[in-house]
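Some notes on the structure that comes next.
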Amino acid sequence: MFTNFQLVEFCKAVYAALWVYWYGTCGYKCTEALYQSKARQYPDHYTPSRESGYMADIKAGKMCADCVGMIKAFFWMNGDINGKNKYASNGCPDVSANGMYNLCKETGPISSIPDIPGLIVWKSGHIGVYIGGGYTIEMRGFAYDCVKRAVADGPWTRWGKLPMLSYVDSPDAEPPKLGDRILSKGDTGADVKELQEALMKLGFCLPKYGADGDYGKETEGAVKSFQRDNGLDATGIFDTSAFKALEKALQPPENKPTEPPIESADTPDGGSEPAYVLIIEGDRKKLELVQLAYGGTLAAVDSVKVI
């Protein structure tokens with residue numbers, strides 16, 4: 001799971017690389033084919049009066065995104081502006097600016113925004129990223145492209161924490177690992193995702209959201225089922241006792257003694273193919289019948305034991 005500081009660094013790189021605003025894009029190379037596709041899809045945005053601007057972007061080999069597209073690009077490009085774009089990857093769905101804000105479980109009015117880099121800033125229909133120190137980076141629009149400005153200079157009304165991020169205190173801080181803290185409904189982070197992956201590995205289904213790093217109702221229900229199966233109180237809170245039970249459940253089964261390997265025998269040509277042993281129950285007459293079945297020879301058999 002990515003951290004809030006990684007999102008900030010990505011947005012700073014986008015700003016430095018002079019990405020341009022193309023509606024409906026999420027970190028794509030500006031090409032003629034992309035322009036034609038988006039013009040058909042969003043004719044109100046790709047108007048004839050703007051065509052020369054789009055053609056200039058194509059000629060300059062620019063990268064493009066819209067406001068929410070910059071955030072989706074971070075996840076879909078694996079946090080690297082030079083990375084390969086993989087649709088809906090790293091727990092980030094293909095949603096609008098409003099849809100991205102609605103994913104946030106912790107939000108507040110913009111007047112109360114804490115100085116936590118990596119928060120999103122939002123107004124209906126538009127979204128950006130708070131980079132700390134009172135500033136944001138956003139894909140502002142066709143006439144502006146990627147913009148850095150003070151929070152107070154933007155149109156923002158709300159802030160929020162993205163559930164797909166682990167919010168840490170410093171760029172060097174490691175996201176919490178499973179077992180470092182007690183987890184319950186409403187928590188987010190890499191340790192929540194690790195818990196979800198472990199539950200699914202043990203057969204506890206999370207069909208709707210999967211390992212999204214968000215401890216919601218579905219995860220709470222899976223934890224309760226796990227607790228019941230392991231003789232614990234089904235509280236839905238992943239505490240120390242549940243962690244110990246999970247560690248035990250994930251341990252591989254004890255190694256059982258195995259049969260010694262069959263020794264190989266040398267073949268007539270000096271190779272080391274495995275020997276073929278034919279065991280026949282009966283007398284010598286039975287052996288002769290078997291020989292006839294093999295065309296009068298047992299050349300493919302290395303040894304014969306008659307019992």
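Readers should treat all values here as calculations from the given coordinates under stated rules, not as data from a laboratory. Remember, predicted model here, so these are calculated numbers, not experimental data. Please note: Cβ atoms are built from the backbone with ideal geometry, for glycine as well, and neighbour counts cover all protein chains shown.
What the table shows:
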{"quantity": "Over the range 67-197, relative contact order from alpha-carbon pairs under 8 Å, at least 6 apart, %", "calculated": "21 percent"}
{"quantity": "Cα-based equivalent ellipsoid, the range 2-166: semi-axes from gyration tensor eigenvalues, Å", "calculated": "26, 17, 14"}
{"quantity": "Filter on 161/248; 201/244; 29/148; 123/208; 123/217; 72/161 - keep pairs with C-alpha separation over 26 Å", "calculated": "161/248; 123/208; 123/217"}
{"quantity": "Cα centre as origin, Lys/Arg/Asp/Glu Cβ charges: the range 140-200 dipole, Debye", "calculated": "380 debye"}
{"quantity": "FRET efficiency estimate (nearest 0.05) - Cβ-Cβ, residue 51 to residue 205, R0 51 angstrom", "calculated": "0.55"}
{"quantity": "Extension gain, residue 40 back to residue 241 (0.36 nm per residue minus Cα-Cα distance, nm)", "calculated": "66.7 nm"}
{"quantity": "Burial ordering of 200, 70, 1, fewest other beta-carbon atoms within 10 Å first", "calculated": "200, 1, 70"}
{"quantity": "Mean separation of Cα contacts under 8 Å, 6 or more apart, over the residue count of the range 190-250: relative contact order %", "calculated": "28 percent"}
{"quantity": "The range 190-250 - Kirkwood radius from inverse mean 1/r over Cα pairs (Å)", "calculated": "11.2 Å"}
{"quantity": "Hydrodynamic radius (Kirkwood) for the range 148-213, which is based on Cα pairs only, to one decimal in Å", "calculated": "14.1 Å"}
{"quantity": "Within the range 190-243: Cβ-based charge dipole about Cα centre, in debye rounded to nearest 20 (Lys, Arg +1; Asp, Glu -1)", "calculated": "200 debye"}
{"quantity": "Residue exposure sequence - 244, 84, 72 - by fewest surrounding Cβ within 10 Å", "calculated": "84, 244, 72"}
{"quantity": "Cα→Cβ-extended label distance, 7 Å offset, between residue 248 and residue 18, nm", "calculated": "6.3 nm"}
{"quantity": "Extended-chain gain in nm, criterion 0.36 nm per residue less alpha-carbon gap, residue 153 and residue 31", "calculated": "40.7 nm"}
{"quantity": "Taking 15, 87, 209 and counting other C-beta atoms within 10 Å, the order from fewest to most", "calculated": "87, 209, 15"}
